[in-house]
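**Q** Sharing a structure here in structure tokens format.
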């Protein structure tokens, strides 16, 4: 049981890490193209588009790297859930507003559709699993490492 | 310490430095402003009948010419890329290419006029009237004469071929060259975004 749980934990971590590093990387390589994609969403004030396009991809990469090395995994897995939720809501809003925008998620030739929304939402499965699993793991750890009750005090 | 420096350098190289120093190539388009030695070069593949190209030219390129090309921080080169499903785009490109032979001073008013009055001439093909408004009568006659030259058509073909080679799939497509890198951008970049990008490279 523990082996299956460990394997799933590892799989979810690596999958999310690869996704975040890849999606960050394509944006870092083409920040202006990413800026065009952000403009297409018609949600961000124009003066914020370039700073977001320039810096946001580094957050994705940092998140991916943290997931790979397993640093502060409890917090970064929550970060992954938050980010994926944010993307999914953003895509839903844009789709239902009827705006013909480019997702800019995995490539820059990827118009927003139910397929892109489903794909992003699907990534929430490993992210939520990882967040819950690491939470439970750290809770179990806290329980098992709690100091034993002082027998003297009981007596 | 050294390990940390090495990993930082590795990451920097991985994410920003993978682009091999790039020089833009051969076919000369029409230089709209700035010199070819400017630190940033924009090569714009555009179609006169496309509405995003109109927006890009009037709202982004025009202010760039005024603000940055005049100070030689940016060079803008225009490439004809008329799309086959636009009825009058290739004809409009002929006027523009011919105007470039009259010099930059004559070319810009022609481009301004073609893009500004796009809605009119794209309905009825009244390109003569549109371009005639932009130039003195004498220059317009010269332009009409130049348009007969077969080299005009050939120059447009060459630019289209270059676009095909560079996998231009839509208009406007802009290739931006700066500090040894190249970015391909499909679609409309607003002036403010372009300005912030340029300011982050050349102060």
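The values are calculated or read from the model by the stated rules, or taken from the named source; none is laboratory data. Computed from a prediction, not measured in an experiment: that's the story for all the values here. Because the Cβ atoms are built from the backbone with ideal geometry, glycine has one as well, and the counts that use them run over all protein chains shown.
**Q** How many of the residues in region B:98-113 are surrounded by 13 or more Cβ atoms within 10 Å (Cβ to Cβ), out of contact with any strand residue (DSSP E or B) (no Cβ under 9 Å at 6 or more places or on another chain) and under 22 Å from residue B:150 (Cα atoms)?
**A** Adding up the residues that qualify gives 5.
**Q** Could you tell me whether residue A:62 is within 19 Å of the chain's Cα centre (by Cα), at pLDDT 95 or above and within 30 Å of residue B:195 (Cα to Cα)? Please lay out each step first, then the result.
**A** Details: within 19 Å of the chain's Cα centre (by Cα): yes; at pLDDT 95 or above: yes; within 30 Å of residue B:195 (Cα to Cα): yes.
When the stated conditions are applied, residue A:62 passes them.
**Q** Out of (1) surrounded by fewer than 13 Cβ atoms within 10 Å (Cβ to Cβ); (2) away from chain B (no Cβ under 13 Å); (3) on the phi < 0 side of the Ramachandran plot, what's the single condition that is false for residue A:8?
**A** (1)
**Q** Can you pull out the residues in region B:58-85 that are in a helix (DSSP H, G or I) and either in contact (Cβ under 8 Å) with a residue 60 or more places away in the chain or out of contact with any helix residue (DSSP H, G or I) (no Cβ under 6 Å at 6 or more places or on another chain) (or both)? Outline the logic, then answer.
**A** Taking region B:58-85 as the starting set, the residues that turn out to be in a helix (DSSP H, G or I) are B:58-69.
Result: B:59, B:60, B:61, B:62, B:63, B:64, B:65, B:66, B:67, B:68, B:69.
**Q** Let me ask something else about it. Which one of these is surrounded by fewer than 16 Cβ atoms within 10 Å (Cβ to Cβ), at pLDDT 95 or above, more than 14 Å from every other protein chain (Cβ to nearest Cβ) and in contact with a helix residue (DSSP H, G or I) (Cβ under 9 Å, 6 or more places away or on another chain): A:122, A:85, A:91?
**A** Working: A:122 fails: in contact with a helix residue (DSSP H, G or I) (Cβ under 9 Å, 6 or more places away or on another chain); A:91 fails: surrounded by fewer than 16 Cβ atoms within 10 Å (Cβ to Cβ).
Of A:122, A:85, A:91, the one residue that is surrounded by fewer than 16 Cβ atoms within 10 Å (Cβ to Cβ), at pLDDT 95 or above, more than 14 Å from every other protein chain (Cβ to nearest Cβ) and in contact with a helix residue (DSSP H, G or I) (Cβ under 9 Å, 6 or more places away or on another chain) is A:85.
**Q** In addition: Would you please name the residue that is nearest to the other protein chains (Cβ to nearest Cβ), looking only at residues in region B:167-195 that are within 12 Å of residue B:81 (Cα to Cα) and surrounded by 16 or more Cβ atoms within 10 Å (Cβ to Cβ)?
**A** The qualifying residue nearest to the other protein chains (Cβ to nearest Cβ) is B:174.
**Q** Among the residues of region A:47-57, is there at least one that is surrounded by 13 or more Cβ atoms within 10 Å (Cβ to Cβ) and more than 11 Å from every other protein chain (Cβ to nearest Cβ)?
**A** Yes, there is a match, as at least one residue in region A:47-57 is surrounded by 13 or more Cβ atoms within 10 Å (Cβ to Cβ) and more than 11 Å from every other protein chain (Cβ to nearest Cβ).
**Q** Is it the case that residue B:198 is away from chain A (no Cβ under 14 Å) and in contact (Cβ under 8 Å) with a residue 40 or more places away in the chain?
**A** Answer is no for this residue.
**Q** Any residue at all in region B:150-163 that's more than 25 Å from residue A:37 (Cβ to Cβ), more than 14 Å from every other protein chain (Cβ to nearest Cβ), in contact with a strand residue (DSSP E or B) (Cβ under 6 Å, 6 or more places away or on another chain) and touching a residue at least 60 places away in the same chain (Cβ under 8 Å)? Walk me through how you get there before you give the answer.
**A** Start the filter on region B:150-163 by keeping residues that are more than 25 Å from residue A:37 (Cβ to Cβ), which leaves B:150-162.
In the following step, the residues that additionally are more than 14 Å from every other protein chain (Cβ to nearest Cβ) were identified as B:150-162.
Checking the rest, the ones that are also in contact with a strand residue (DSSP E or B) (Cβ under 6 Å, 6 or more places away or on another chain) come to B:156, B:159.
Filter once more, keeping what is touching a residue at least 60 places away in the same chain (Cβ under 8 Å): B:156, B:159.
Yes, there is a match, as at least one residue in region B:150-163 is more than 25 Å from residue A:37 (Cβ to Cβ), more than 14 Å from every other protein chain (Cβ to nearest Cβ), in contact with a strand residue (DSSP E or B) (Cβ under 6 Å, 6 or more places away or on another chain) and touching a residue at least 60 places away in the same chain (Cβ under 8 Å).
**Q** Turning to a different aspect of this structure: Can residue B:94 be described as surrounded by 14 or more Cβ atoms within 10 Å (Cβ to Cβ) and within 11 Å of residue B:48 (Cβ to Cβ)?
**A** On the way: surrounded by 14 or more Cβ atoms within 10 Å (Cβ to Cβ): yes; within 11 Å of residue B:48 (Cβ to Cβ): yes.
So residue B:94 passes the test.
**Q** With (1) on the phi < 0 side of the Ramachandran plot; (2) surrounded by fewer than 19 Cβ atoms within 10 Å (Cβ to Cβ) as the list, and residue A:20 as the residue in question, which single condition is left unmet?
**A** (2) is the only condition that residue A:20 fails.
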